[in-house]
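Here the structure comes first, spelled out in structure tokens, and everything after it is commentary.
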Amino acid sequence: MDAYELIMRNAEEVVTDEEVRELASNPDGKRAYVGYEPSGVLHLGHLLTANKLIDLQEAGLEVVVLLADVHAYLNGKGTFEEIRETAEQMRAQFLAYGLEEDQTEFVYGSEFQLDEEYTLDLHTLELETTLNRAQRAMAEIQGGETAKVSHVVYPLMQTLDIEYLDLDLAVGGIDQRKVHMLAREELPELGYDVRPCLHTPIVADLTSGEGKMSSSEGVTISMEDSTDELEDKVNSAFCPPTADPEGDLENPVLELFEYHVFPRFEEVVVERPDEYGGDITYESYEALEADLESGELHPADAKGTLASYLDELIAPGREKLREIRS
RNA sequence: CCGCCCUUAGCUCAGACUGGUAGAGCAGUCGACUGUAGAUCGACUUGCCCCCCGUUCAAAUCGGGGAGGGCGGACCA
């Protein structure tokens, strides 16, 4: 795979394709980032963007992980001290997961977001942005509740981060789209360059196959799941024998194969008793999907396989968490 | 600063006028059926009724005080 293909793999969307092609043509020294609100335990949502960061490293880019402590504070996630602690745990889990330590720069938001210059730029941005616009940009991040002033400042800071971290590419889930569009619109107003952005898909809810899998509701697979818990969760997942279920539903089991398993493994071996046809090896997601669709691969076998591969991906982080907590 | 509304199961809410220690839908859990899950049947679980004080034999319900949330008025700095 060349740099462009690596960058684009499993991306839901890229803005704009031309800008990304240019980036891919000369990735040396180029910087990409994802910002995360510190969380004590990584879940598959985090790992989806982490997979993209690994792709980008492989494509030759430098990767910046923003441990967004100030953002977490603005979002009511606790005291700075608590946030710092969970951020440190998050960093350790990312490294355990497979981000290359010497190619990954971890930055705390508070290292630069409280500087005078940054703050003044922030106020300029506040002056340029309507409440309505900022609130819409934040809508995906904060469900339901009435917005606080902190919530509308939040996306404005994300905008500035792209400049202040000296980035060439902003990465996030598709839920970050509005924030990134705001950034593309506003950065030139401050005299800064527009950067391309890349959005990863959001995996459907595991049990229902609808909408988005979220950490706040429904079943989430995380670094702290034991092998047994993981098997139970995967086994209870919605999984009709097709890649395209009726209505708006998705097949989350296939999505997990596509976005989490195949990017990290050369081949996937389905072990099954002779009674059901014996073992099968897949070298691409497409082949596995086709077999599920045709009935050659039974959903139950797909689930068992998925659970064991996810378990392998999560194991180092789980071990790291255990160390941290002991 | 003033006024109005809201607070009951994980969620959305009913019950309050006419006191008698709580309900629905959804969610969830468990079975049956499928070599998975879902769908479909069958069964089941859940509550500091926001807090404190008072009235009463008895308060989710009435009175007073307080907290949290929402909306509006006033102000036009």
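Of the residues making up the range A:237-259, those that are part of a helix (DSSP H, G or I) and within 16 Å of RNA strand B (Cβ to nearest atom) are A:252, A:253, A:254, A:255, A:256, A:257. Only one of (1) more than 30 Å from residue A:19 (Cβ to Cβ); (2) surrounded by 17 or more Cβ atoms within 10 Å (Cβ to Cβ); (3) of a type in the set (A, V, I, L, M, F, W, C); (4) away from RNA strand B (no atom under 11 Å from the Cβ) fails for residue A:262. Which number is that? Here residue A:262 meets the rest and fails (1). A search for C-beta distances below 9 Å between a residue of the range A:235-259 that is in contact (Cβ under 8 Å) with a residue 40 or more places away in the chain and farther than 12 Å from residue A:306 by Cβ and any residue that is of a type in the set (Val, Ile, Thr) and outside any helix (DSSP H, G or I), counting only pairs 6+ apart in sequence or on different chains, returns A:250/A:203.
Of all residues in the range A:1-17 being part of a helix (DSSP H, G or I) and acidic (Asp, Glu), which is farthest from residue A:196 (Cα to Cα)? So the residue we want is A:5. For residue A:208, the conditions (1) modelled with pLDDT of 90 or more; (2) within 12 Å of RNA strand B (Cβ to nearest atom); (3) part of a loop (DSSP other than H, G, I, E, B) are fulfilled apart from (1). On inspection, residue A:170 does not qualify as more than 16 Å from RNA strand B (Cβ to nearest atom), among the small types (Gly, Ala, Ser) and out of contact with any strand residue (DSSP E or B) (no Cβ under 6 Å at 6 or more places or on another chain).
Listed by position, the helices (runs of 4 or more DSSP H) enclosed by the range A:68-140 that each have at least 2 residues that are of a type in the set (Ser, Thr, Tyr) and in the same structural domain as residue A:41 (by TED's automatic domain parsing) are A:80-97, A:116-128. Is the range A:33-41 home to any residue that is touching a His at 6+ places or on another chain (Cβ under 7 Å), assigned to a strand (DSSP E or B) and of a type in the set (Asp, Glu)? Checked the range A:33-41: no residue is touching a His at 6+ places or on another chain (Cβ under 7 Å), assigned to a strand (DSSP E or B) and of a type in the set (Asp, Glu). Would you point out the residue of the range A:120-129, among those that are under 28 Å from the mean Cα position of the chain (by Cα) and free of Cβ contacts under 8 Å to residues at least 40 places away in the same chain, that is surrounded by the most Cβ atoms within 10 Å (Cβ to Cβ)? The extreme case among them is A:122.
Just one residue in the set A:266, A:210, A:271 is under 24 Å from residue A:7 (Cβ atoms) and outside the structural domain of residue A:11 (by TED's automatic domain parsing); that residue is A:266.
Contact annotation: residue pairs with Cβ atoms under 9 Å, 6 or more positions apart or on different chains, pairing a residue in the range A:93-119 that is modelled with pLDDT of 95 or more with a partner that is polar (S, T, N, Q) and exposed (fewer than 15 other Cβ atoms within 10 Å of the Cβ), are A:113/A:119.
Being acidic (Asp, Glu), farther than 20 Å from residue A:297 by Cα, away from RNA strand B (no atom under 13 Å from the Cβ) and crowded, with 18+ Cβ neighbours inside 10 Å is a condition met by at least one residue of the range A:219-236. Take the residues of the range A:50-83 that are polar (S, T, N, Q) and farther than 14 Å from residue A:95 by Cα: which is surrounded by the most Cβ atoms within 10 Å (Cβ to Cβ)? Within the range A:50-83, the match that is surrounded by the most Cβ atoms within 10 Å (Cβ to Cβ) is A:75.
Taking the criterion of being acidic (Asp, Glu) and either near RNA strand B (Cβ under 9 Å from one of its atoms) or closer than 19 Å to residue A:46 by Cα (or both), the residues of the range A:297-326 that qualify are A:301, A:311, A:312, A:319. I need the full set of residues from the range A:260-274 which are out of contact with any helix residue (DSSP H, G or I) (no Cβ under 9 Å at 6 or more places or on another chain) and outside any loop (DSSP other than H, G, I, E, B), in order please. The answer is A:274, and nothing else.
The values are calculated or read from the model by the stated rules, or taken from the named source; none is laboratory data. What you are looking at is a predicted structure, and each value in this text was computed from that prediction instead of being measured. Here Cβ is always computed from backbone atoms with ideal geometry, including for glycine, and neighbour counts include all displayed protein chains.
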